[in-house]
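See structure below.
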Number of protein chains: 4
Amino acid sequence: MEERAFKHVVPMQIRFNDVDKFGHVNNTIYFQYYDTAKTEYIFDVCPDIDWTKVAIIVVHIEADFVAQIVGQARIACRTRVEKIGHKSFTLRQEVFDVDSGEVKCICHSVMLAFDLTTHSTMLLPEEWVESICRYEGVDLREKA
Amino acid sequence: MEERAFKHVVPMQIRFNDVDKFGHVNNTIYFQYYDTAKTEYIFDVCPDIDWTKVAIIVVHIEADFVAQIVGQARIACRTRVEKIGHKSFTLRQEVFDVDSGEVKCICHSVMLAFDLTTHSTMLLPEEWVESICRYEGVDLREKA
Amino acid sequence: MEERAFKHVVPMQIRFNDVDKFGHVNNTIYFQYYDTAKTEYIFDVCPDIDWTKVAIIVVHIEADFVAQIVGQARIACRTRVEKIGHKSFTLRQEVFDVDSGEVKCICHSVMLAFDLTTHSTMLLPEEWVESICRYEGVDLREKA
Amino acid sequence: MEERAFKHVVPMQIRFNDVDKFGHVNNTIYFQYYDTAKTEYIFDVCPDIDWTKVAIIVVHIEADFVAQIVGQARIACRTRVEKIGHKSFTLRQEVFDVDSGEVKCICHSVMLAFDLTTHSTMLLPEEWVESICRYEGVDLREKA
């Protein structure tokens with residue numbers, strides 16, 4: 001599954017104060033990149049979600065920092081869904097250098113659907129699951 | 001009026017990534033300090049505001065950066081209201097070094113009361129004005 | 001001078017966590033936008049500065065918040081130099097909505113050249129002054 | 001080992017703009033808390049490191065978000081070293097509510113010693129290992 005291409009890529013704008021005193025993008029900033037790309041992915045792939053009724057919250061994040069990023073680099077973040085469970089789905093995201101292609105950091109996050117009306121977790125709506133599988137071009141549902 | 005003491009002082013915790021590649025706290029971070037101290041001031045001095053109905057928004061900010069702050073410094077932010085108009089009030093805030101007493105940055109901000117129900121500006125409730133003047137120990141209303 | 005067009009415009013990427021609990025971009029984030037656009041301006045207009053020897057530091061910032069920005073807006077920041085003194089220059093920057101053209105926030109900042117070797121302020125190198133005036137298409141030097 | 005108490009606890013100051021539009025501390029901000037507490041841990045436990053020669057960089061981060069944090073909460077971050085390898089060590093950190101004791105988020109990070117002179121990874125100096133084990137009160141070296 002690792003070989004599957006990423007269809008969703010968002011260029012990331014590095015801000016002056018993303019860079020810490022070591023002269024590279026601070027590790028905490030990568031999560032702002034992932035968060036921003038993740039939000040765009042959901043908006044692009046599942047545009048019809050009513051955000052006044054449901055939220056998608058992160059319950060687990062795991063990141064491998066492969067190489068540093070300097071302030072003048074041109075970077076982007078690519079995102080794809082890896083697998084879909086009953087109540088959650090897992091994203092794989094990679095921040096990479098646009099010029100060299102070098103992968104800078106790899107992140108997996110587990111996202112949970114949350115019902116804002118009942119304040120509890122909920123089953124992923126079938127409509128979202130279908131939108132994601134259609135977009136990714138593969139059936140990502142976990143087998144029972 | 002400049003001589004009046006500040007009654008409201010909040011220690012500020014410097015975060016690792018507040019410091020930019022020049023090795024000092026980035027200028028944009030000072031506004032996070034001011035915002036945080038300002039919020040505490042309002043909560044402390046006007047505790048009965050119903051935040052579901054009104055908001056206090058910033059319309060003007062002016063800051064003088066006097067001296068830099070290094071990551072290991074111990075700093076605090078002091079806040080006082082300078083003057084109160086019909087719909088707005090002006091805050092003076094200073095970030096200073098707790099050990100040396102040195103003032104690092106001085107900020108003035110003009111805050112506006114905003115009615116979330118009608119989505120328009122509103123007169124400052126007399127109750128807030130009185131709470132602020134009582135706390136500051138001086139009548140800060142601008143004369144007509 | 002207000003009528004002079006801005007030649008330098010940088011699209012700004014809004015991050016998910018730029019938006020605070022009021023649902024709009026937090027006031028402190030605008031200064032990250034200004035900082036980022038300012039850095040690009042200097043790199044574009046004065047590309048030959050040796051940053052190991054000199055720094056450009058902000059000593060005064062003044063911002064007027066005209067209208068709020070929601071998370072889905074498409075915005076940009078335009079920057080121009082307003083005037084050039086002996087040791088400092090003043091920038092005017094505007095964050096605006098790319099689609100409606102509406103100005104969201106206007107900022108003036110006074111920037112100072114700083115000699116990293118002697119740790120003191122310095123005269124603005126004539127080379128920078130000429131680069132800026134050539135780029136802006138007007139002589140911005142303050143008359144004595 | 002899970003039962004071992006945390007000796008290192010740092011209160012965390014929540015900033016106004018830590019809270020996102022969902023009204024809780026944004027997930028990316030937790031990593032700023034972890035980074036800040038981690039820096040204090042190293043300064044407290046290994047005070048004699050010469051930071052012009054070595055750096056400690058994060059290569060892996062893993063976080064479980066257990067419960068949300070609202071802006072008015074009083075929180076702290078506790079940190080301990082879990083295990084020490086030849087070139088890296090693993091931290092466990094927990095952000096928790098000071099009043100209720102509730103754990104909000106658990107983080108593990110793998111930190112690597114980096115020689116700034118040779119620009120390569122290095123063995124953890126025996127002096128650091130001893131300082132950490134003495135502070136934690138237990139031998140944390142991984143057995144071969």
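None of the figures in this text is laboratory data; all of them are computed from the coordinates on show. Just so it is clear, the model here is predicted, and its values are computed rather than measured. Cβ sites come from the backbone with ideal geometry, for glycine too, and all protein chains shown count toward neighbours.
Points to keep in mind about this one:
- Angle in degrees between helix D:126-136 and the longest Cα principal axis of chain D, rounded to the nearest 10: 40
- Spin-label pair residue D:67-residue B:86: with each label point 7 Å from Cα along the Cα-Cβ axis, the two points sit 4.8 nm from one another.
- The range D:75-144 versus the range D:53-74: alpha-carbon centroid distance in Å: 13
- Range of Cα positions in the protein assembly as shown per principal axis (Å), largest first: 72, 56, 49
- Per residue of chain B, the DSSP helices (runs of n ≥ 4 H) give a summed -39500 (n - 2.57) that works out to -7000 deg cm²/dmol at 222 nm.
- Rh by Kirkwood over Cα pairs, then Stokes-Einstein D for the range C:8-136 at 0.692 mPa s and 37 °C, µm²/s: 211
- Counting neighbouring beta carbons within 10 Å and listing from fewest to most, the residues C:51, D:128 come out as C:51, D:128.
- Between helix D:27-45 and chain D: long-axis angle, C-alpha atoms, 0 to 90°, nearest 10: 40
- For the rotational copy pair A/C, the chain A residue whose Cβ lies nearest the symmetry axis, together with its distance in Å, is A:13, 2.
- Using the alpha carbons alone, the radius of gyration of the range A:3-78 stands to its Kirkwood radius in an Rg to Rh ratio of 1.02.
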